[in-house]
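Accompanying notes for the structure given below.
The values are calculated or read from the model by the stated rules, or taken from the named source; none is laboratory data. The structure presented is a predicted model; accordingly, all values stated were derived computationally and were not measured. Counting neighbours? That spans all protein chains shown, and the Cβs are built from the backbone with ideal geometry, glycine included. Protein only, heavy atoms only, side chains kept; ligands, DNA and RNA dropped before computing areas. Shrake-Rupley method; radii C 1.70, N 1.55, O 1.52, S 1.80 Å.
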Amino acid sequence: MKVLVTGAAGFIGSHVAQKLLDRGDEVIGVDNLNDYYDVNLKLARLQRLEAREGFVFRKLDVADREGMEAMFAQDKPQRIVHLAAQAGVRYSIQNPHAYVDANLVGFMNILEGCRHHEVEHLVYASTSSVYGANTNMPFSVHDNVDHPVSLYAATKKLTS
């Protein structure tokens, strides 16, 4: 199986890619390696993945429409685990365009790639931030998420 993992240099993405490789899948890892946090952590995770047979890395921003289209056409992923996102609640106040680009435009590019390239299955990760002002604990997928308290939460809600 050929699986695209977006956000492959992130903590969760790198572990997902590792597990997929362990079970024998081919993995296309995509990440823009932005400097929201220490890029050296991301590079160290990638170094471990790149040492594995069956892994290929594409330094690519999911918001790059042409780049994503070219990647879909070239790599032909069968399944996708979409983890790439601009995270962080406070940073969304300082740099709102980063959230719209990564979390909305990027998600649209993923959906269009799925539609035009016959992707079999898409798994998408959201965030507990979508629960906003909700006080019910523990959170449930059945809870109302109509009151996000940050732009980050709003962008994740819009794509859920």
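Structure data summary
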| item | result |
| --- | --- |
| Out of 22, 38, sole residue that is open to solvent by 70 Å² or more (accessible area, probe 1.4 Å), farther than 28 Å from residue 118 by Cβ and among the charged types (D, E, K, R) | 38 |
| Any hit, segment 55-63, residues being surrounded by fewer than 18 Cβ atoms within 10 Å (Cβ to Cβ) and among the acidic types (Asp, Glu) | no |
| Answer residue from segment 31-63, given it is of a type in the set (Asp, Glu) and under 21 Å from residue 74 (Cα atoms) and is farthest from the chain's Cα centre (by Cα) among those | 53 |
| Total residues in segment 107-127, condition of a type in the set (Phe, Trp, Tyr) and open to solvent by less than 30 Å² (accessible area, probe 1.4 Å) | 1 |
| Single residue of segment 67-94 satisfying the filter (touching a residue at least 60 places away in the same chain (Cβ under 8 Å), out of contact with any Gly (no Cβ under 9 Å at 6 or more places or on another chain) and closer than 22 Å to residue 114 by Cβ) that is least open to solvent (accessible area, probe 1.4 Å) | 75 |
| Residues satisfying the stated conditions in segment 115-152, i.e. in a loop (DSSP other than H, G, I, E, B) and modelled with pLDDT of 80 or more | 117, 118, 119, 120, 125, 138, 142 |
